[in-house]
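Worksheet for the structure shown next.
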Amino acid sequence: MAMRILFLSLAAVSAVQGRVAGTRTSLGSRSSSAVSSAESPTVYIDTYESTVQGNRSEYINSVYNFKRIPFAAAPTGEYRWKHPQHVSSWTGVRDATYFGPDCPQLGSDNYDEDCLQLNIWTPDTANFTNVKNNSETGIGVVPVDSSQALPVYMFYHGGRFGTGSATQSTFDGAGLAAKGVVVVTVNYRLGALGFLSHPELSNTSGSESSGNYGLVDQQAAMHWTNENIASFGGDYKRITLGGQSTGAASVLDHLNSELADDLFEQIIAESGAVYPSNPMIGSLAQSYRQLGEAEKQGVSYLSSLNLHNISQARSAPVELFLNSANLNDITFKDTVFANNSAYVEPPLFRPVLDGYVLPATYEEMLVRGNHTTAPVLTGGNLDENGATPSPEMTVKSYKAQSEYEFGSVGLAEEFFKLYPAGKTNESADTAINTFYQDQTRVSLWLWASEYMAGSARNTSGNGTYQTYNYYWTHAPPGQEKGAYHGSELNYALNNLYAVDSPWTTEDYEIADKLSSYWVNFISTGNPNGKGLPNWPEASAKSAEIMEVGDAWKSVSVASEEKIAFMRRWFSKWPVY
């Protein structure tokens, strides 16, 4: 906790020094004579003594959006691979009606290292009050009193820690804002720029660690939101962190990070929580590297670019690092999973177990309960984690692969009893899908059981720990990937309007229902509400999970025999 307080103190000192010295920038700003109106509202951000001007959402007229608001200074030059620095205030009125650049990555035609910006959507029904901006007045989305402030949803995008952006239409926040939530989406450093570890960086860090710059960017955005979201109608005491895929892994990392203590109240992790000894975790976003290993990888990586020290790397053009997102680790090399396409090698540049941002293994944090105890909503999808509508197995290949993998730990006979190949290729496809789907559900349930048990042992008294698990089963129209990884996003965010798909009346009904669960959880820590089928809390005593999408009911995660088998299967592998 001392380190986090130091970070805040330095930020505060930086802000005061900047104001005293008159360090105000005008990058991307309008003249201070900009007109404020109900169509172009301005918000005065007190901590920066600066103003932003937004507009109405292009999709939903009852929602305002404010885009490209800087929450940290550009991480360039000497600040490349350092914790994010406090951003200076600016003169005039900053035009917040369009998105800023993506963080540097391949495939983007609009990127810049000066990308640490966030976007806000807020209902236009938030109570307005005039606020002073020096001698000016403008419309500020500020509640008349704190009891009228709205719950806040901070969402982090996925992309294997190497791609993605808060500007993607999939993450548009107007749909949830229209239901009474302030939505914030955040950019963070990616690839080598966000997750390079190196001995030089560790030795000069003050914490003897390096490699989690993307995660501390996210935490800097959390600090900014706590300090400023009231100006946009939000309640800093009701902040929910959310994300999908690597975004989900990130928010779970913040659940375990002391640096994020007291910065949020609850978590939504879509395709998120994984039991720490499920071998699939090595493929997924929750994989991580040990600090010593990551430092060696960093040295090797810079050497491959003919860069021999951090000073040279900080002076190199950013384009030199863009391909880093394409580099994979070798987690499964020389293992029985090496030739199984379901076990995809994780990206090389991903979070680091550094003892500082990430203090201990997932298993240690779960068992000890030495983490933020907060309500968690998490789940997985029907067609992910190895499952797919078209596995393209044959009876022969299914038997050979399964004998090799499960036989390596003495579980082949039991596996084939529970998941028989049958006599056709179709039955083999069904068997492999059934296994992967059971594995996902059981893994979620076991994670939740350990999270609740560990939280009960947490003596800090810093929250509650209701947990809600879901299993998404609806396949969006116009595609053949089924209920694929990420297919729930537009429904949960209530923004089908943002994606060009042949949506049906059923899809809009599903989106309304799923997003209502999300809004209820964001508002109260409980997804249940009027008119919705009951969603029971996860319980170690009842192996149930809430199916959402094609049905809305509590279902068994698996049979008792299969759960017992999964426990034995998980026990054979390294624990994260």
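The values are calculated or read from the model by the stated rules, or taken from the named source; none is laboratory data. Nothing here was measured: the structure is a model prediction, and the numbers come from that model. Virtual Cβ from ideal backbone geometry, glycine too; neighbours counted across all protein chains shown.
Residue check, ILE510 against (1) in a loop (DSSP other than H, G, I, E, B); (2) touching a His at 6+ places or on another chain (Cβ under 9 Å), all met but one. Which one?
(1)
What are the residues in the stretch 94-137 that are among the aliphatic types (A, V, I, L, M) and modelled with pLDDT of 95 or more, if any? Even if it seems obvious, please write down each step before you answer.
Taking the stretch 94-137 first, the residues among the aliphatic types (A, V, I, L, M) are 96, 106, 116, 118, 120, 126, 131.
Scanning the stretch 94-137 gives ALA96, LEU106, LEU116, LEU118, ILE120.
Is it the case, given these coordinates, that ASN55 is touching a Ser or Thr at 6+ places or on another chain (Cβ under 7 Å) and crowded, with 22+ Cβ neighbours inside 10 Å?
No: the conditions fail for ASN55.
Report those helices (runs of 4 or more DSSP H) wholly inside the stretch 260-373 carrying at least 1 residues which are in the same structural domain as TYR436 (by TED's automatic domain parsing), of a type outside the set (Gly, Ala, Ser) and more than 18 Å from ASN212 (Cα to Cα).
362-368
For TYR404, only one of the following conditions fails: (1) farther than 24 Å from LEU444 by Cα; (2) assigned to a loop (DSSP other than H, G, I, E, B); (3) among the aromatic types (Phe, Trp, Tyr). What is its number?
Of everything listed in (1) farther than 24 Å from LEU444 by Cα; (2) assigned to a loop (DSSP other than H, G, I, E, B); (3) among the aromatic types (Phe, Trp, Tyr), TYR404 misses just condition (2).
Quick one: would you say SER324 is surrounded by fewer than 22 Cβ atoms within 10 Å (Cβ to Cβ) and polar (S, T, N, Q)?
Criteria not met by SER324.
Every residue in the stretch 188-224 that is in contact with a helix residue (DSSP H, G or I) (Cβ under 8 Å, 6 or more places away or on another chain) and within 14 Å of GLY242 (Cα to Cα), please.
LEU215, GLN218, GLN219, MET222
Suppose we keep only residues that are crowded, with 24+ Cβ neighbours inside 10 Å and among the polar types (S, T, N, Q) within the stretch 229-256. Which one would you say is farthest from PRO351 (Cα to Cα)?
In this case the residue turns out to be THR240.
When you go through ALA564, ALA558, ALA551 one by one, which is the residue that is aliphatic (A, V, I, L, M), buried (at least 20 other Cβ atoms within 10 Å of the Cβ) and assigned by TED's automatic domain parsing to the domain that holds TYR470?
It is ALA558.
Yes/no per residue for (1) in the same structural domain as ASN119 (by TED's automatic domain parsing); (2) under 30 Å from ASN203 (Cα atoms); (3) in contact (Cβ under 8 Å) with a residue 60 or more places away in the chain; (4) touching a strand residue (DSSP E or B) at 6+ places or on another chain (Cβ under 6 Å):
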| site | (1), (2), (3), (4) |
| --- | --- |
| TYR44 | yes, no, yes, yes |
| THR47 | yes, no, yes, no |
| VAL52 | yes, no, no, yes |
| SER57 | yes, no, yes, yes |
| ASN65 | yes, no, yes, yes |
| ALA73 | yes, yes, no, no |
| ARG80 | yes, yes, yes, no |
| GLY92 | yes, no, yes, yes |
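Would you mind listing the helices (runs of 4 or more DSSP H) fully within the stretch 161-232 where at least 2 residues are farther than 30 Å from ASP46 by Cβ and over 15 Å from the mean Cα position of the chain (by Cα)? Talk me through it step by step, then tell me what you get.
Values: elements: 174-177, 191-195, 199-203, 213-228.
The qualifying helices (runs of 4 or more DSSP H) are 191-195, 199-203.
Just the residues that are closer than 15 Å to ILE522 by Cα, of a type in the set (D, E, K, R) and touching a Lys or Arg at 6+ places or on another chain (Cβ under 9 Å), please, taken from the stretch 227-270.
GLU265 - this is the single residue of the stretch 227-270 that is closer than 15 Å to ILE522 by Cα, of a type in the set (D, E, K, R) and touching a Lys or Arg at 6+ places or on another chain (Cβ under 9 Å).
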